[in-house]
Amino acid sequence: MWKKLFAWLDDRLGLNDLYKATLDRPEPKGNWWNTLGSASLVLFLLQGATGIFLTVYYTPSPDHAYDSIQYIMNEVAFGWLIRGIHHWGSTLMVLVVFIHMLRVFITASYKYPRELTWLIGCALLILTLGMGFTGYLLPWNQRAFWATTVATEIAGAVPFIGGFITEVLRGGTELSALTLSRFFSAHIWMLPLLLAGCIGVHVYLIIKHGESAFPDKED
Amino acid sequence: MAGSNHISRRDFIKLATAAVGAIMVAGVGIPVINYLIDPVLGAGEDEAWIPLGPVENFEINKPTMVNFTRTKVNGWERTANSYGVFVVRRSENDLVVFSNKCTHLGCRVNWNESVGGYICPCHDAEFGPDGAIVRGPQPRPLDRYEGDAIKVEDGVVMIFFKEG
């Protein structure tokens, strides 16, 4: 029964080929440092899932942002858990992505034919930091407010157009409801979609080229 | 191993995987479901006697709309919900109060003097002066406050409001 059903689906979806290409592909000798990319992917999915659940109660408005998070933390069942995972997961994701990059650098895995994988990986690091940056404002507490004040002020150091960049980031000369809603939009729509797209290309390239073998003494 | 009570290695692994998988699904699923349905679980009942005004305010046989609000804490915010009822004084001491909530899909009905009935603006349900179905999609007459749910105290009409 199940075999028949699977065969029917496999004929139409090519599940077996997909499985062979993604999970059953040949790997160089196992090494735990090679698992950091997968770990980053899992953290991205975890942040996505917990983030979606947080939007059920979170409200991106200066009047409600802080109170809605207090509500999530103190009153909603398991709200502390879901926000806790999202909070600590974000820090962990930046850390894991960074160590992943270090490993690729140290093993020289960025060389031909994987230069594009490396470049897209750099974009992924920047996007991950962007997620951390935009997410930091959302609790709308003192720390969030002043951290974002400082960080957007830093953008002002760019020659000639710095002041303009700061105002575009803030949606005005000062932090306001506009800042909060545009950071929210960037945090839940723009950056995650860019991240997902880049992850897709990144993973495609890894499957296409296979993983690089560790350099040996000859290299 | 055939015929013995021992479980084969393969079956043991299958069973253990299924058991661990089930625990993991429950470990994720239970918090998530609780998180999503939480506002409904904690909702308390709201009930109170609502004064609608002195009896003499209501003309005989003329449905009169009375509004009242109930405040409720929803999440982190206090929300004021507005309710409306029609008070009908059928004779000197005979009162009936109808909820203005249409029994079809919850829009608010209006008293229409020229038709002599309550009309719902959403799907044209019509209720007679006694709240009964005249025509339209509604499944039952207008809800009414009667018996224990209505009283006159010191000349003031009161209804017993209950929700949740």
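The values are calculated or read from the model by the stated rules, or taken from the named source; none is laboratory data. Source: prediction; values computed, not measured. Please note: Cβ atoms are built from the backbone with ideal geometry, for glycine as well, and neighbour counts cover all protein chains shown.
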Give me a count of the residues in segment A:155-181 that are surrounded by 13 or more Cβ atoms within 10 Å (Cβ to Cβ) and out of contact with any helix residue (DSSP H, G or I) (no Cβ under 8 Å at 6 or more places or on another chain). 4
Inspect segment B:73-96 for any residue being aliphatic (A, V, I, L, M), assigned by TED's automatic domain parsing to the domain that holds residue B:50 and without any contact (Cβ under 8 Å) to a residue 12 or more places away in the chain and give the result as yes or no. yes
Looking only at residues in segment A:182-219 that are loosely packed, with under 13 Cβ neighbours inside 10 Å and among the basic types (Lys, Arg), which one is nearest to residue A:18 (Cα to Cα)? A:208
Mind listing whichever residues of segment B:28-48 are outside any helix (DSSP H, G or I) and either small (Gly, Ala, Ser) or facing another protein chain (nearest Cβ under 9 Å) (or both)? B:42, B:43, B:44, B:48
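Residue-wise test of (1) at pLDDT 95 or above; (2) more than 30 Å from residue A:29 (Cβ to Cβ).
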{"position": "A:137", "(1), (2)": "yes, yes"}
{"position": "A:164", "(1), (2)": "yes, yes"}
{"position": "A:169", "(1), (2)": "yes, yes"}
{"position": "A:182", "(1), (2)": "yes, yes"}
{"position": "A:202", "(1), (2)": "yes, no"}
{"position": "A:212", "(1), (2)": "no, no"}
In segment A:25-52, which residues are of a type in the set (S, T, N, Q), more than 13 Å from chain B (Cβ to nearest Cβ) and not in a loop (DSSP other than H, G, I, E, B)? A:34, A:35, A:38, A:40, A:47
Among the residues of segment A:50-72, write down those that are of a type in the set (A, V, I, L, M, F, W, C), within 30 Å of residue A:99 (Cβ to Cβ) and surrounded by fewer than 16 Cβ atoms within 10 Å (Cβ to Cβ). A:52
Looking across segment B:49-92 at residues that are surrounded by 12 or more Cβ atoms within 10 Å (Cβ to Cβ) and small (Gly, Ala, Ser), the single one that is nearest to the other protein chains (Cβ to nearest Cβ) is B:75
Working only within segment B:99-109, note down all residues that are among the small types (Gly, Ala, Ser) and assigned to a loop (DSSP other than H, G, I, E, B). B:106
If you go through segment A:53-109 one residue at a time, how many are touching a residue at least 12 places away in the same chain (Cβ under 8 Å), on the phi < 0 side of the Ramachandran plot, away from every other protein chain (no Cβ under 14 Å) and among the hydrophobic types (A, V, I, L, M, F, W, C)? 9
Within segment B:10-20, identify whether any single residue is surrounded by fewer than 10 Cβ atoms within 10 Å (Cβ to Cβ), in the same structural domain as residue B:97 (by TED's automatic domain parsing), at pLDDT below 95 and assigned to a helix (DSSP H, G or I), and answer yes or no. no
Looking only at segment B:56-63, decide whether some residue is assigned to a helix (DSSP H, G or I) and modelled with pLDDT of 85 or more. yes
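Conditions (1) small (Gly, Ala, Ser); (2) in a helix (DSSP H, G or I); (3) under 21 Å from residue A:140 (Cα atoms); (4) in contact with a His (Cβ under 9 Å, 6 or more places away or on another chain), marked per residue:
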residue	(1), (2), (3), (4)
A:159	no, no, no, no
A:167	no, yes, yes, no
A:187	no, yes, yes, no
A:193	no, yes, no, no
A:201	no, yes, no, no
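Matching residues to (1) of a type in the set (S, T, N, Q); (2) outside any loop (DSSP other than H, G, I, E, B); (3) modelled with pLDDT of 90 or more; (4) within 17 Å of residue B:68 (Cα to Cα):
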residue: B:97; (1), (2), (3), (4): no, yes, yes, yes
residue: B:111; (1), (2), (3), (4): no, yes, yes, no
residue: B:118; (1), (2), (3), (4): no, yes, yes, no
residue: B:124; (1), (2), (3), (4): no, no, yes, no
residue: B:129; (1), (2), (3), (4): no, no, yes, no
residue: B:134; (1), (2), (3), (4): no, yes, yes, no
residue: B:140; (1), (2), (3), (4): no, no, yes, no
residue: B:148; (1), (2), (3), (4): no, yes, no, no
residue: B:160; (1), (2), (3), (4): no, yes, yes, yes
